[in-house]
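Participant: Following this message is one structure expressed as structure tokens.
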Amino acid sequence: MGSFATGVTVVTTKDSAGKPVGMTANSFSSLSLDPPLVLWSIAKSASLYTEFTAAESFAIHILAKGQQHLSNQFSRKGIERFDGISYETNNRGVPLLNDCLARFDCELFSQADGGDHTIIVGYVAAMEELQLDPLIFHKGAYRTLEP
Ligand SMILES: Cc1cc2nc3c(=O)[nH]c(=O)nc-3n(C[C@H](O)[C@H](O)[C@H](O)COP(=O)(O)O)c2cc1C
């Protein structure tokens, strides 16, 4: 699967205590235009599995070229991933990262079993896009697009 080049996203939500949580995910995909749906999948072993499968709202941020540090920070085990990160909060309490290539504000649409992962489908309630180049992930390494 590493030979399939993807973008990189950071998915964020709040936990039951209202604390911001987030994780790096490259399983993101578009799913439906009408209604507007996107999906990503979370490992059942992930430390934030309970938080994300319980979340009614979440945000998916597509990282831009130069944002590897966000991908690294939001995939690191055992740290407070929001330490040193500037963010805003939407009206559902979901933390929003700044300066990403695109952002989808999602409401939970459905979940499906996917073996050792759970597929999370989000209804896109709002989105924003900046004209930036994407960060690419391929064979375990970060890449950028060449013309
Ligand atoms: C580029 C990249 C993509 C990732 N994509 C996913 C993903 O789609 N789903 C997932 O569950 N974990 C994914 N991970 C792993 C998580 O971000 C995180 O590193 C992992 O859950 C380990 O942290 P934890 O033990 O705190 O859960 C990805 C990590 C990286 C670096």
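Each value in this text was obtained by applying a stated rule to the coordinates, not by laboratory testing. These figures come from a predicted structure and were not determined experimentally. Using ideal geometry, Cβ is built from the backbone for each residue, glycine included, and neighbour counts are taken over all protein chains shown.
Participant: Mean separation of Cα pairs under 8 Å and 6+ residues apart, divided by the residue count of the chain: what relative contact order is that in percent?
Facilitator: Once divided by the residue count of the chain, the mean separation gives 30 percent.
Participant: I've got another one for you. Considering only Cα-Cα distances, which of the following residue pairs are longer than 21 Å: Lys65/Lys139; Lys14/Lys44; Lys44/Lys65; Lys44/Lys77?
Facilitator: Check vs 21 Å cut-off fails for Lys44/Lys65.
Participant: Expressed in nm to one decimal, what extension gain is obtained for the pair Ser3 and Ala125 from 0.36 nm per residue of sequence separation less their Cα-Cα distance?
Facilitator: Residue separation times 0.36 nm, minus the Cα-Cα distance, leaves 40.7 nm.
Participant: Which net charge results for the neighbourhood of Asn90, defined as the other residues with beta-carbon distances under 13 angstrom from its beta-carbon, given Lys and Arg at +1 and Asp and Glu at -1?
Facilitator: Here the charged neighbours net out to -2.
Participant: Shifting gears a bit: Using per-residue counts of other Cβ atoms within 10 Å, averaged over each peptide, order 66-79, 133-146, 11-24 from highest down.
Facilitator: 11-24, 66-79, 133-146
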